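Peer 1: I have a structure I would like to understand better, so I am pasting it below and will then ask my questions one at a time.
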Amino acid sequence: MSSKIYNNELTWLSDLKRLILEELPPHSNGLFQAANHHFKKPGKFYRAQLAIKAGQALGLNKSAVLNWAAACEMIHNASLVHDDISDASTHRRGQNSVTNHFGQDTAICLGDWLVAKAFELAADNSTCGGQLVSILSQAMQVTCDGQVADLTVGECLTLQEWKMIAADKTVPFLLAPIKGMAVMSGLEDDIPALTDLVLLTGLAYQGRNDIDDIIPSSHTSVDLLGRKPNLVVSLFHKHSPRQKDFSSWYLSGDTTKINSWQRTIASSDVVLQANIFVEDWLDQADGVRSNLSAELQPACMALIEKVRGNMSLASDANTA
C-alpha cells in the first residue's frame, strides 16, 4: 500500500472519529458522561473501516460513506454496551465498562440511545436511507436472536446447530458495512454472494475465537464455564470416546472439573479439526470473492485477511 493511500485512509478515520464524537449526547444530556467514557477508548473501528474501504473503491460521496460508517459503529457499540450487562463484564477496552462504572440502568439507556442514533445517521442518506435503516434493523434483530441462543442453549450442540448460532451472532454487523455500500452503489445483485462470503468469514472468526477460548488451558474457558456454544466443544462432544461422561458433566452445570475437562479437550485431536474447518471456510470465502464486483473485493479481502491473520475480531469485541 502506498503512503498516499494509507494517509488517505488515516484522514478518513480521523474524520470518522470526529463525526462520532460530534454526534454523541451533548453536555446537558444525562448520558453525556457515560457516552464519552465508553468512547474514551474508541477501539479500532474495524466495521467502519470495512465501509470506508468499500466506499472509497466505489467512489462514493465521502460524507455519505462516513455517515454510514458511523452508523455501523454506533449500533455495534450499542451491542457491546448491552453485552456487558448480560455478561456482567466489568471491563471494556481496558477500562471499566459502562454498566460497571455508571450502573445497569444508564448502560441500558446508552445502548438504546446509540441504536437510535445509528438509525438517524442511516436515515440521513437522501437516496436510500430507508434501505440502510432496514439493513441495521435486520442486523440488530438477527444478532439479538443469536445472543439469546448463546445465553440460553445450555447443552452441547451439533456442528450445524453451532453454525446457526455463530452466524446469527457474528455475521450481521460484519455484513452491514459492506452491504450498505453495495446498496448505495446500486450493486444489489452482489448482495447474495456478499452474504455468502461474510457468512463463511464469520464462521471462521467465531471458530478461531472458540479455539482461543479453549487454548491455552492456562486460562479458564469462558464458554465451558457458561455452557456457551463452542466449535471445539461441539466437535469433542461428537467424537470423543468419553462422550457420555463429558455430556453428563456438561449438563449437570458442575464447574469443579472444568479445568480438567478443558485440558482434555485442548490436548485432543478436535483442536486440529476445528482449525481445518476455519481454514476451509476462509478458502471458500476467498473463492466467493471472485464472484463480486471488483470495487467490493478490497473490503472483502480485508475482512478475510483479518481473520486469516489471526488478528482476532474477538478482541475487537473488547477493543473495537
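Values in this text are rule-based calculations from the coordinates and carry no lab data. Please read all numbers here as calculations on a predicted model, not as lab measurements. Quick reminder, even Gly has a Cβ in these numbers, built from the backbone with ideal geometry, and neighbours come from all protein chains shown.
Peer 1: To test your reading of the geometry: what angle, between 0 and 90 degrees and rounded to tens, separates the Cα axis of helix 3-23 from the longest principal axis of the chain?
Peer 2: Roughly 90 degrees, rounded to the nearest 10.
Peer 1: Work out the FRET efficiency for Asp212 and Ser63 from their Cβ-Cβ distance, taking R0 = 35 Å, and round it to the nearest 0.05.
Peer 2: According to the calculation, E is roughly 0.35.
Peer 1: Continuing with the same structure: Can you tell me the dipole magnitude for the chain around its Cα centre, using point charges on the Cβ only (Lys, Arg +1; Asp, Glu -1), in Debye to the nearest 20?
Peer 2: 700 debye
Peer 1: A follow-up question, please. Over segment 94-153, consider all pairs of different Cα atoms and compute the Kirkwood hydrodynamic radius from their mean reciprocal separation; express it in Å, one decimal.
Peer 2: 13.4 Å is the Kirkwood radius here.
Peer 1: Assigning unit charges at the beta carbon (Lys, Arg +1; Asp, Glu -1) and nothing else, what dipole magnitude in debye, to the nearest 20, does segment 128-223 show about its Cα centre?
Peer 2: Its charge dipole is roughly 200 debye.
Peer 1: Right, another one. Among the lysines, which have Cα under 20 Å from the Cα of Lys62 when same-chain residues fewer than 8 positions away are ignored?
Peer 2: Lys4, Lys17, Lys44, Lys53, Lys117, Lys179
Peer 1: Using the count of nearby Cβ atoms within 10 Å as a rough guide to exposure, how do Asp286, Asp213 rank from fewest to most?
Peer 2: Fewest-to-most Cβ neighbours within 10 Å comes out as Asp286, Asp213.
Peer 1: Only helical DSSP H runs with n ≥ 4 go in: add -39500 (n - 2.57) per run for the chain, normalise by residue count and round the 222 nm mean residue ellipticity to 500 deg cm²/dmol.
Peer 2: When only DSSP H runs of four or more count, the value is -23500 deg cm²/dmol.
Peer 1: I need to check one value: relative contact order of segment 74-202, counting alpha carbon pairs closer than 8 Å and at least 6 residues apart, in percent.
Peer 2: Relative contact order here is 20 percent.
Peer 1: Further question on the same structure: Using Cα pairs closer than 8 Å and at least 6 residues apart in sequence, work out the relative contact order for the chain, in percent.
Peer 2: The value is 21 percent.
Peer 1: Using the Karplus curve 6.51 cos²θ - 1.76 cosθ + 1.60 with θ = phi - 60°, work out ³J(HN,Hα) for each residue of segment 97-103 in order, rounded to whole Hz, and write x for Gly and Pro.
Peer 2: Coupling constants for segment 97-103: 5, 4, 5, 6, 8, 10, x Hz.
Peer 1: Can I ask one more? For the chain, with the dipole built from +1 on Lys and Arg beta-carbon atoms and -1 on Asp and Glu ones, taken about the Cα centre, which of Pro42, Leu66, Ala302 lies farthest toward the positive end?
Peer 2: Pro42
Peer 1: Whole Å is fine, so just give me how far the alpha carbon centre of segment 212-241 lies from that of segment 99-118.
Peer 2: When both Cα centres are located, 31 Å separates them.
Peer 1: Over 26 Å between Cα atoms: which of Lys41/Lys163; Lys257/Lys306; Lys228/Lys306; Lys163/Lys244 fall into that group?
Peer 2: Lys41/Lys163; Lys257/Lys306
Peer 1: Quick one, which of (i) 106, 37, 30; (ii) 74, 67, 31; (iii) 59, 48, 36 is the actual Cα extents along the principal axes in Å calculated for this model?
Peer 2: Recomputing Cα extents along the principal axes in Å here picks out (iii).
Peer 1: Fewest Cβ neighbours within 10 Å first, please rank His101, His76, His82 accordingly.
Peer 2: So the ranking, lowest neighbour count to highest, is His101, His82, His76.
Peer 1: Of His101, Thr158, Ser28, which is farthest on the positive side of the dipole of the chain, counting Cα position, with +1 on Lys and Arg Cβ, -1 on Asp and Glu Cβ, and the Cα centre as origin?
Peer 2: Positive-most Cα among the choices belongs to His101.
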